[in-house]
Amino acid sequence: MALQYSLFVALNYFHFMNLSLVALTPFIGAVFVALVSRLGRLHAAWGAGAVALLALAILSPLMVDTFAGQVFVQRISWMPMLGLDIVFRLDGLGLLFALMILCIGLLIILYARYYLSEHDDMGRFYAYLLLFMGSMLGIVLSENIIQMLIFWELTSLSSFLLISYWQTRQESRVGARMALAVTGGGGLALLGGFLLLGEIVGSYDLSVILASADVIQNHSLYLPMLVLVLLGAFTKSAQFPFHFWLPNAMAAPTPVSAYLHSATMVKAGVFLLARMFPALSGTPEWFWLVCITGLTTLVFGAYVAMFKDDLKGLLAYSTISHLGLITLLFGIGTPLAAVAGVFHIINHAIFKASLFMAAGIIHHETGTRDMRVLSGLWKYMPHTALLAMVAAASMAGVPLFNGFLSKEMFFAETLFVVNEPWGWLLPTAATMAGIFAVAYSLRFIHTVFFHGEPTGLPKKPHEPPRWMKVPVEILVFLCLLVGILPALTVEPILAVAATSVLQGPLPPHDLAIWHGFNTALVMSIIALVGGVLAYLGRRPLAAFQERIDKKLEFRRFYDHLLGKLFKYSGKITRALDTHSLQRMVFVFISFVLVLGMTGFWGSEFTLTGDRALLPIDSVSALMTLIIVFAAIATVIMHRERLIALILLGAVGLGVALVFVKFSAPDLALTQLSVEVVTVILILLALYFLPQRSPKESSTLLRSRDAVIATVAGGSVAVLVWAVLTRPYQTIADYFLENSLPGGGGTNVVNVILVDFRGYDTLGEITVLALAGLGIYAMVDRLKLSGSLHDAEDRPWDKNIHPVIMASFSRLLLPLALLVSMYILLRGHNLPGGGFIAGLVTAVALVMQYLANGVIWTQERIPTNMHVVIGAGLFIATITGIASWLFGYPFLTSTFTHIHWPIIGEFELASAMAFDLGVYLVVVSATLLILIHLGMVHSQSHLAKPRKRIR
Amino acid sequence: MEALVSIIIGVLTACGVYLALRGHTFPVVLGLTFLSYAVNLFLLVMGRLTIGSPPIIAEGMSGYADPLPQALVLTAIVISFGMTAFVIVLALKAHLEMGNDHVDGKHKS
């Protein structure tokens, strides 16, 4: 009921332009884009652009108030009893990220349209990209942290799809799998952290968590929770030692790298740090864990970046380093450091996305990304070179470009511990990283665009298509604009984002190029000069690096771990899976028995309860004897398959009688008709199977099986006895009381099926339909040659359709159909209903097939059963949806009494339409199964059997 | 009466388990059918035994059998038919593809 109701609520919400729609639009758009891509190659690109613009349009009305400091929270009730709601939140930080995701996403969509070649499937690319965009928006707009985690994992999954976009390439698959393993593993840790956090605070809502810093930080579970949350953030943001997935993810198409590995996905980790900053920061644990990780990553990434020959490899390590810088800033934990962290998030996204795009252009137009081959491109693509130079200068932290501003704020913040012992380490390491950054930026520009003439390039270089450069131009223009006029451009969004990071007043900060001659400026100058020197002296450095290179390959460690994991899981699987169903079933049943018995023995348990027993009458005792005898005889005779089947049928009829005895007429009718259908079905199949089972088990094995079967049967009997002799409480009174006034039917079982628990029934007929279709798929066009002899080598009777039976069955058909209609219609009030009527109809029709042959009958009932199955499911579902139109939950039934001439008063219930759907599915699925098995037969009668199958 | 029901369900389970442990597909299908009989009966009697008062609302009736297990079992019967059908056709197909009807697709002596 809760689910049905919430579906209904969710539908109502669609009438509003709202926050949840911002995150949902890309998901819906992904399907749309995948579909329109069939119309033409470029439709997907246009479609994706339109979707991103639409999401932006939905977001924009909310922006004004967010800038004014308002926090939007939109709550959709999901499972309120469990405290689970779907809640979206828009505050400054969320807005900043949403804008970055959408705007840079738009530029990437434009860029990718020119980047992808004609062999690449545009629809798939843009659909994945939108999936990713939606997941990312979901993270930054979530108020509930469990919901945030769901989107978090969705980014891992969708980025897996994007990285492995070129599926035929081994490196793509390896890179994608590595990214998924590391970030997905981190996601699991994060789930643990969030659950602990929820336990500590007592709520999964961010607004509560952010206000509970004291409770959280004084709790005994603070440290384990912090470690788990940080593991999530560090793996996502490629922090040391989890950084290795990022360079390997460079196997992705460059637009993906530009989007995921600079502006969005890896930013999710630092977003988490920023989001949780007010709640988790300010403790020594936070300071040490986050600072050390950030500092190591900053220096390590920058160092390795200097020696990468691959353009994208260089940018990947540079990204790692910059993410380390942001992490370090949040680790330092002063309000100003947090502001600097947010600022650097913005700047890095802008310059790194443009650099990746520039690298993509270079690769696209020259055919290589190897800096040992590339040189002197200035002559051939000056425009691109200029754009790359501006972006690289920003990355290096050169004044007048945006990277300089946040880097200088960073340098200033590293100084706050300088008077502590070892306090000089932080600014020194920061300056070192600055030197490396200048060196690799210089290398990027100098090697690629200057440094002699280009020789040995796969393609003759030239400028890319005009529109491919537009996204880069926009971003580079922003680099300059922010770098020169920070207070006029970036300040408002930075202020509102930083306020929501701090959850308090903003510290005084001055976004200006010139702050006077201070220590930070000195550090910048050292970095610039040192970087140039380091680049000039790169040969001895490179030689040194050559020697320690192998030791820095963390990928080997990962591969080693993964190899071990596969090896051991393979061993466990081989130990448990014995490739023998018999042994597995034996282990399974024994295990269940042991488990059940341990439960029995451990407790104070009397076998017989105090419920009054029903007296035994002689007929019941006789029936029990017959059932028991037939069942045991089936087992004894099981190798004579036909006889075993007949005995099984007898047991089934006995079970139907048990249903009759214990006041379950509906069940008895169902069991009776199912029994007929089942026996016919098994008979049909048996025709093609060996008529006897060979004696295959040893006496020992059979005795073992007999023992375990007896123990299992005995345990179940004891269990039934123990239950039946005890009183119980039922929830049935509700159904009994409401069946007539609420459901309009006196047959409570049927009312439960089509009304109270209609949702279950809908699921069940779907399962039946699928079983029918599955069987159809298996036997369609199957040609089998059956035996011409029975088990005793007697030939089958030539007269397969006896005249008397054929005539009678034809006469009986209308009568049988009439009966089934009667059963269907009366089902709401008396034993009957869709299931039983469906089976009766199926049996009546199957009888025609048996008596008159498949071909004769097929000519007269040419109905395509697939259509009937579909129609049945459609009618049942439509009946459910119809109640939405009247504002009721899914599958609410209604009924009325109308007066028909001659017939009299007649009840009309919407549940009857539902039951009709059930009826159609049961008839068609049953017939589909039986007819197609029968068709196999008829072919075998026509075809000459090649050999006898025994 | 409770004892008789316990015996029936116990015997059906025992037969089902024994047949499910056989090495050829056909007896295993029979075994699964037995097990579904047993389970369906088991579910029904969880509503306790009631004689002569089906859950059909009528004037002058006071107690009714528990309708809820009945509704559950009704669909379970139909679903177990679907399952039996699927398994037997699977067995058929396996027999055709493998040339034998052993559950593991191989001959054992």
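With +1 on each Lys and Arg Cβ and -1 on each Asp and Glu Cβ, how big is the dipole of the protein assembly as shown about its Cα centre, in debye rounded to the nearest 20? With only Lys, Arg, Asp and Glu charged at Cβ, the dipole is about 3800 debye. Which shape class applies to segment A:238-323: rounded if a/c is under 1.5, otherwise prolate when a/b exceeds b/c and oblate if not, where a ≥ b ≥ c are the square roots of the Cα gyration tensor eigenvalues? Oblate shape, in that a/c is at least 1.5 and b/c is the bigger or equal ratio.
So what's the back-of-envelope 222 nm ellipticity for chain A, counting only DSSP H runs of four-plus at -39500 (n - 2.57) apiece and dividing by all residues, rounded to 500?
-23500 deg cm²/dmol
The calculated FRET efficiency for the pair A:Arg372 and A:Ile526, based on their C-beta separation and a Förster distance of 41 Å, comes to about 0.85. Please tell me the relative contact order of chain A in percent, rounded to the nearest whole number, where contacts are Cα pairs under 8 Å and at least six residues apart. With pairs under 8 Å counted, the relative contact order is 8 percent. Packing-based ranking of A:376-388, B:66-78, A:287-299 yields B:66-78, A:287-299, A:376-388, ordered from highest to lowest mean Cβ neighbour count within 10 Å. For the protein assembly as shown, the alpha-carbon coordinates run over 108, 67, 65 Å along the three principal axes, in decreasing order. Computed from backbone phi with θ = phi - 60° and the Karplus coefficients 6.51, -1.76 and 1.60, the 3J(HN,Hα) list for segment A:669-684 is 4, 4, 4, 4, 6, 5, 4, 4, 4, 4, 5, 4, 4, 5, 4, 4 Hz; x is used for glycine and proline. Think of segment A:147-282 as having a plus end and a minus end, set by charges on the Cβ of Lys, Arg, Asp and Glu; of A:Leu226, A:Leu197, A:Tyr165, A:Tyr165 sits farthest toward the positive end of this dipole. Each other residue within a Cβ distance under 13 Å of B:Ile8 adds +1 if Lys or Arg and -1 if Asp or Glu, for a net charge of 0.
On the basis of the beta-carbon distance and an R0 of 35 Å, A:Ala871 and A:Val660 show a calculated FRET efficiency of 0.55. Taking the centroid of alpha carbons for each part, segment A:375-415 and segment A:578-639 are 78 Å apart. For the pair A:Met821 and A:Asp793, what calculated FRET efficiency results from E = 1/(1 + (r/R0)^6), where r is the Cβ-Cβ distance and R0 = 35 Å, to the nearest 0.05? Once rounded, the FRET efficiency stands at 0.15. Dividing the summed helix terms, -39500 (n - 2.57) for each DSSP H run of n ≥ 4, by the number of residues in chain B produces a 222 nm estimate of -23500 deg cm²/dmol to the nearest 500.
When you count the other C-beta atoms within 10 angstrom of each residue and take the mean per peptide, A:584-591, A:196-203, A:166-173 line up highest first as A:196-203, A:584-591, A:166-173.
Relative to a virtual label point 7 Å from the Cα of A:Thr766 in the Cα→beta-carbon direction, which members of segment A:136-155 show backbone nitrogen distances below 13 Å? Counting only backbone N, you get no residues. The modelled label-to-label distance for the pair A:Met63/A:Leu561, using points 7 Å beyond Cα in the direction of Cβ, is 4.2 nm. Other protein chain C-beta atoms within 10 Å of residue C-beta, averaged over A:582-594: 2. Would you mind classifying segment A:394-538 by shape? Square roots of the alpha carbon gyration tensor eigenvalues, ordered a ≥ b ≥ c; an a/c under 1.5 is rounded, otherwise it is prolate if a/b is larger than b/c and oblate if not. It comes out oblate by the Cα gyration axes. What separates the Cα centres of segment B:86-101 and segment A:811-836 is a distance of 35 Å. Label separation (A:Thr894 vs A:Ala50): 3.7 nm, computed from points 7 Å beyond Cα along the C-beta direction. Look at the stretch A:684-693: the mean tally of other chain Cβ atoms within 10 Å of its residues' Cβ atoms is 5. The H on the amide N of A:Ile76, modeled in the peptide plane, is under 5 Å from the matching H of A:Ile86, A:Val87, A:Phe88, each at least 5 residues off or on a different chain. I'd like the orientation of helix A:92-115 relative to chain A: the angle between its Cα long axis and the longest Cα principal axis, in ° from 0 to 90, rounded to 10. Taking Cα atoms only, the helix is inclined about 90 degrees. Neighbours of B:Phe81 by Cβ distance under 15 Å: Lys/Arg scored +1, Asp/Glu scored -1, total -2. For segment A:537-595, the fraction of alpha-carbon pairs lying more than 17 Å apart is 66 percent, rounded to a whole number. The magnitude of the dipole of segment A:36-180, with charges of +1 and -1 set on the Cβ of Lys/Arg and Asp/Glu and taken from the Cα centre, is near 360 debye. Peptides A:398-406, A:236-244, A:469-477 ranked from most to least packed give A:236-244, A:398-406, A:469-477, packing being the mean of other C-beta atoms within 10 angstrom over each peptide's residues. For A:Ser142, the residues 5 or more places off, or on other chains, whose built amide H falls under 5 Å of its own are A:Arg89.
Take each residue in A:761-767, count the other chain C-beta atoms within 10 Å of its C-beta, and the mean is 3. For segment B:1-90, the Kirkwood hydrodynamic radius comes to 14.5 Å, computed from all pairs of different C-alpha atoms. Once you order the gyration tensor axes a ≥ b ≥ c over the Cα atoms, which shape class does segment A:637-722 get: rounded for a/c under 1.5, otherwise prolate or oblate by comparing a/b with b/c? Because a/c hits 1.5 or more and a/b fails to exceed b/c, segment A:637-722 counts as oblate.
Only counting other Cβ atoms within 10 Å, I'd like B:His24, A:His261, A:His579 sorted with the fewest neighbours first. Display every interim value, and only then the final one.
On the way: B:His24 24, A:His261 31, A:His579 10.
The most exposed by this proxy come first: A:His579, B:His24, A:His261.
Across segment A:158-171, rounded Karplus estimates of 3J(HN,Hα) from the backbone phi angles (6.51 cos²θ - 1.76 cosθ + 1.60, θ = phi - 60°) give 5, 6, 4, 5, 6, 5, 8, 4, 7, 5, 6, 8, 4, 5 Hz, Gly and Pro being marked x. A:His344 sits among other residues whose Cβ lies under 12 Å from its own Cβ, and their net charge, with Lys and Arg +1 and Asp and Glu -1, is +1. Farthest toward the positive end of the dipole of chain A, out of A:Leu768, A:Pro253, A:Pro278, is the Cα of A:Pro253, where the dipole comes from beta carbon charges about the Cα centre. A simple spin-label model places pseudo-atoms 7 Å from Cα toward Cβ; at A:Arg539 and A:Phe600 they are separated by 8.6 nm.
Taking amide H as placed 1.01 Å from N in the peptide plane, the amide H of A:Thr725 sits under 5 Å from that of A:Gly609, each at least 5 places away or on another chain. Just how far, in whole angstrom, is segment A:68-85 from segment A:245-264 if you go by their alpha carbon centroids? Going from one Cα centre to the other spans 33 Å. For the pair A:Thr608 and A:Glu199, the difference between a 0.36 nm per residue extended length and the Cα-Cα distance amounts to 143.0 nm. Residue-wise HN-Hα couplings along segment A:622-633, as the Karplus relation 6.51 cos²θ - 1.76 cosθ + 1.60 with θ = phi - 60° gives them from phi, are 5, 4, 4, 4, 4, 4, 4, 4, 4, 5, 5, 4 Hz; Gly and Pro carry x.
We did not get these values from a lab; they are worked out from the coordinates using the rules stated. All values reported here derive from a predicted model rather than from experimental measurement. Ideal geometry is used to build each Cβ from the backbone, glycine not excepted, and the neighbour counts take in all protein chains shown.
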